[in-house]
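Accompanying notes for the structure given below.
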Amino acid sequence: MFPRKIRDDVVFVAEGMLEAESVKLLLESFGITAYLNQESAGTAYGLTVGILGQVDVIVPPAQLVDAKQIIAEMEAGKLEANNDDIDS
C-alpha cells in the first residue's frame with residue numbers, strides 16, 4: 001500500500017466524522033473557517049476507522065498558521081477546562 005499524501009492545507013486528520021466535526025467546531029469558535037473532506041467510500045459505508053474512515057480538516061491558506069497553533073494547543077491539553085474553572 002502506498003503512503004497517504006497529506007495536503008498542505010490539512011491541519012488535522014480525524015478518525016471519523018464525529019471527531020472531525022468537533023475539531024471543525026473548535027476552529028470555528030476561534031474564528032477560523034474549516035471544511036471537512038472524507039473519501040466518498042468511507043462516507044457511503046459509514047466507516048470511522050482506517051484510511052477510508054479518516055476525515056481531513058482543511059482551512060484556507062491565510063488561516064493555516066493560526067489553525068495549526070490551535071490544534072497544537074488542543075493536542076497538548078491546554079484548551080481543556082478544569083472543574084475549578086467552571087462556575088456552579
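Readers should treat all values here as calculations from the given coordinates under stated rules, not as data from a laboratory. Keep in mind the model is a prediction, meaning the values are calculated, not measured. Cβ coordinates were reconstructed from backbone atoms using ideal geometry, including for glycine residues, and neighbour counts include every protein chain displayed.
Figures for the structure shown
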quantity: Structure-based [θ]222 nm, the chain - -39500 (n - 2.57) summed over DSSP H runs of at least 4, per residue, nearest 500; calculated: -11000 deg cm²/dmol
quantity: DSSP-assigned coil residues among chymotrypsin sites (Phe, Trp or Tyr not before Pro) in segment 1-77, each with at most 15 further Cβ atoms within 10 Å; calculated: 30
quantity: Projected label distance in nm at residue 79 and residue 33, using a 7 Å step from Cα toward the beta-carbon; calculated: 1.9
quantity: Least to most buried among 68, 24, 78, 5 (fewest other Cβ within 10 Å first); calculated: 5, 78, 68, 24
quantity: Segment 10-77 shape via C-alpha gyration tensor axes, a/c threshold 1.5; calculated: prolate
quantity: Fewest-first ranking of 79, 27, using other Cβ atoms within 10 Å as the exposure measure; calculated: 79, 27
